[in-house]
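All remarks here apply to the structure that follows.
Just so you know, all these numbers are worked out from the coordinates, no wet-lab data involved. On a predicted model such as this, the values are computed, not experimentally measured, just so you know. Methodologically, a virtual Cβ is constructed for each residue, glycine included, from the backbone with ideal geometry; neighbour enumeration extends over all protein chains shown.
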Amino acid sequence: MKLIIAIVSGDDASEVSSALVKQNFVVTRIESTGGFLKTRSRTFIIGAKDEEVDEVLAIIKEHSQARNKEVPKNIKKEFAMFENLPSEVKIGGATIFILDVEQFIKF
């Protein structure tokens with residue numbers, strides 16, 4: 001069994017969640033914030049059998065889109081010492097961690 005922790009853009013979270021539930025995966029969704037731009041995201045915690053991992057990853061990939069976003073002026077001011085700070089960065093997509101589960105208990 002695997003524990004999948006997927007950090008997904010807040011813009012894509014509803015689609016990812018709906019698609020996972022539609023395929024009968026049990027999902028816990030947690031609001032989170034992070035990254036360089038401190039953007040809104042959702043962290044999904046998903047328990048899956050070893051043979052289901054590829055399906056979960058395919059669903060997340062299909063419904064998580066990377067996109068470009070302009071760096072706000074207040075962030076540029078905060079990091080003014082870095083002259084080469086880009087004016088646009090890639091955000092979104094998904095960051096995924098897959099962990100082995102030694103034991104699973106449900107009451």
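Glu15 label point, 7 Å along Cα→Cβ, cut-off 14 Å on backbone N: hits in region 49-64?
59-64, by backbone N distance to the label point.
With a 10 Å Cβ neighbour count serving as the proxy for reagent exposure, in which order, fewest first, do Lys2, Lys22 appear?
Listing Lys2, Lys22 from fewest to most nearby Cβ atoms yields Lys22, Lys2.
How far is it, in nm, from the label point at Leu57 to the one at Ile105 when both lie 7 Å from their Cα along the line to the Cβ?
Placing both labels 7 Å beyond Cα along the Cβ direction yields 3.1 nm.
What order, most packed first, do the peptides 45-55, 8-18 have when packing is the mean number of other Cβ atoms within 10 Å of each residue?
Per-residue Cβ counts within 10 Å, averaged per peptide and sorted highest first, yield 8-18, 45-55.
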